[in-house]
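*Asks:* Just passing along the structure, written as structure tokens.
The values are calculated or read from the model by the stated rules, or taken from the named source; none is laboratory data. What you see is a predicted model, and the numbers here were worked out from it, not measured in a lab. FYI the Cβ positions are ideal-geometry reconstructions off the backbone, even for glycines, and counts take in every protein chain you see. SASA here: full protein model, heavy atoms, side chains in, ligands and nucleic acids out. Shrake-Rupley method; radii C 1.70, N 1.55, O 1.52, S 1.80 Å.
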Amino acid sequence: IISEVKAQLEEPVIPGTGEAVAPGSSPESVLQSALSAAAAQLEAKQALQAMATVRDAEEKLRFLKAETTFFDRLHDSVAGNEVRELQQRYEKAKNTALGGGSGWNCVVERPEACAWYMRHPDDPLSVLMRVVVVLPTVDHLKSFVAAGEERDLWPLWNPVVLPPGPAIISEQHNWGFVSKTNLKVAVMGRFLSVTRVQRYFSKERRFIVEETADLPEDHPLQPPSEKGQPARLRSEVYSVFARRAHHPSSVVVNVSRFTTPFRAPDMVLGLCCRVMLPQILNTVLKQVELVEDPTSPWQPRLRADATGFYHGFEEVMGMPHAAPSADPSRSSPAAAEASGPRRRQTVR
């Protein structure tokens, strides 16, 4: 399954425009057009699309035999720098989630679910835990994603997350944002997690790669340290949601990296992972069941789709769109707000 999904994500996941260089084009016009298009795509959080735009511009500049200064201006621009950073982050997310290697230790192996762990090869204080779940249909995948999308409902399925769930502290967008979460871990106490979420999607290949990583310390949205503030929990989570190309089922691949203050002995590490990984798998399956319960609080959220995220998800996965609800209370963002706590979000 991992090999199949990895092939689905191989470059180029977003095909180039394939447009020939228009007659009369100059290196300057190609450069300016690319910078304008990439900036708009980055604003819309379309990371892979912006990468494709820069890649196309490079090909056109080579066709025009442009001087190296045009390539430098492309790569050193604000958009070019952001594309390069996103490219590096995307590669890390993809390789972490789907990378191979001989260090993985299998804990669970079933036809519909598997789980492994390994000590991070470059950091003895970190452990990687990977779960792969095969869901029967893409509708089940949508339910799984909905459990994570409705952040104020996280405490219903994740006992570690304290109400009211993760709070968005950045400009809010379906495909990228910064969130702050208060956690309570048994025995260990309370923690604060501040993470940056970026989603990379391809309608052509029917997948979403989600990167959830600690917000850099020098980031302007990093909350200031305050006396009495809970300790920071350092973690990284990389997920791949994919609709299989020649099969009705869908796949979730999730890899979490946790860093401990000391190097746990192999026996202790193995014992902890053998306890935690089955629990993680059960949580994944529980999420789908909770969301698909007709009486669950997720159902009116899915129907209302106040932010447009589920419509976007359906587009990426090639799903037929559900007809708009005839009940106004289930179709307007205002009604969705009235039906229960919900984050406010600007949709682009």
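*Asks:* Anything in the chain that counts as a DSSP H helix reaching 18 Å or more along its axis (C-alpha) with Kyte-Doolittle mean of at least -1.0? List them, would you? Please list the in-between numbers first.
*Replies:* Working: long enough: 27-43 (24 Å, 0.39); 47-63 (25 Å, -0.23); 78-98 (30 Å, -1.06); 266-292 (39 Å, 0.93).
Going by DSSP H runs, the hits are 27-43, 47-63, 266-292.
*Asks:* Continuing with the same structure: Using a 7 Å offset from Cα along Cα-Cβ at VAL21, what residues in region 32-55 end up with backbone N under 17 Å from the label point?
*Replies:* Under 17 Å, as judged by backbone N against the label point of VAL21, lie 32-35, 54-55 of region 32-55.
*Asks:* Any chance you could run the full-extension gain for ASP218 through LYS180? It's 0.36 nm times the residue separation minus the Cα-Cα distance, nm to one decimal. Don't skip to the end; give the middle numbers.
*Replies:* On the way: separation 38, 0.36 × 38 = 13.68 nm, distance 1.59 nm.
Here the segment from ASP218 to LYS180 would lengthen by 12.1 nm.
*Asks:* On to the next question. To the nearest 20 Debye, how big is the dipole of the chain about its Cα centre, given +1 on the beta carbon of each Lys and Arg and -1 on that of each Asp and Glu? All intermediate terms of the calculation are to be shown ahead of the outcome.
*Replies:* Working: 40 positive and 41 negative charges, 164 e Å.
The dipole magnitude comes to about 780 debye.
*Asks:* Give, in nm to one decimal, the length gained when the segment between LEU162 and HIS247 is fully stretched (0.36 nm per residue of separation minus the Cα-Cα distance).
*Replies:* Values: separation 85, 0.36 × 85 = 30.60 nm, distance 3.82 nm.
Extending this stretch completely gives an extra 26.8 nm.
*Asks:* While we're here: Connecting C-alpha atoms closer than 10 Å in a GNM of the chain, tell me which of ARG199, ARG303, ARG73 has the biggest fluctuation.
*Replies:* In the Gaussian network model the winner is ARG73.
*Asks:* Here's a follow-up. With a 10 Å cut-off between alpha carbons and a GNM built on the chain, which of GLU85, GLU59, GLU226 moves the most?
*Replies:* GLU226
*Asks:* In addition: Restricting to the chain, what percent of DSSP beta bridges are antiparallel, rounded to 5? Can you show the working numbers first?
*Replies:* Details: 59 of 61 bridges.
If we restrict to bridges inside the chain, about 95 percent are antiparallel.
*Asks:* If you roll a 1.4 Å probe over the chain with all protein chains in place, what percent of the accessible area is carbon or sulfur? Before the final figure, lay out the partial values.
*Replies:* Details: 9960 of 17480 Å².
In the chain, the share of accessible area belonging to carbon and sulfur is 57 percent.
*Asks:* What does the charge count near GLN222 come to, summing +1 for each Lys or Arg and -1 for each Asp or Glu among other residues with Cβ under 13 Å from its Cβ?
*Replies:* -1
*Asks:* Can you tell me the accessible area per residue over the chain, all protein chains present, probe 1.4 angstrom, in square angstrom?
*Replies:* Per residue, the chain has 50 Å² of solvent-accessible surface.
*Asks:* So which lysines can LYS92 reach, going by Cα to Cα under 30 Å and dropping same-chain residues fewer than 8 places off?
*Replies:* Here the lysines satisfying the reach criterion relative to LYS92 are LYS6, LYS45, LYS60, LYS142, LYS180, LYS184, LYS203, LYS286.
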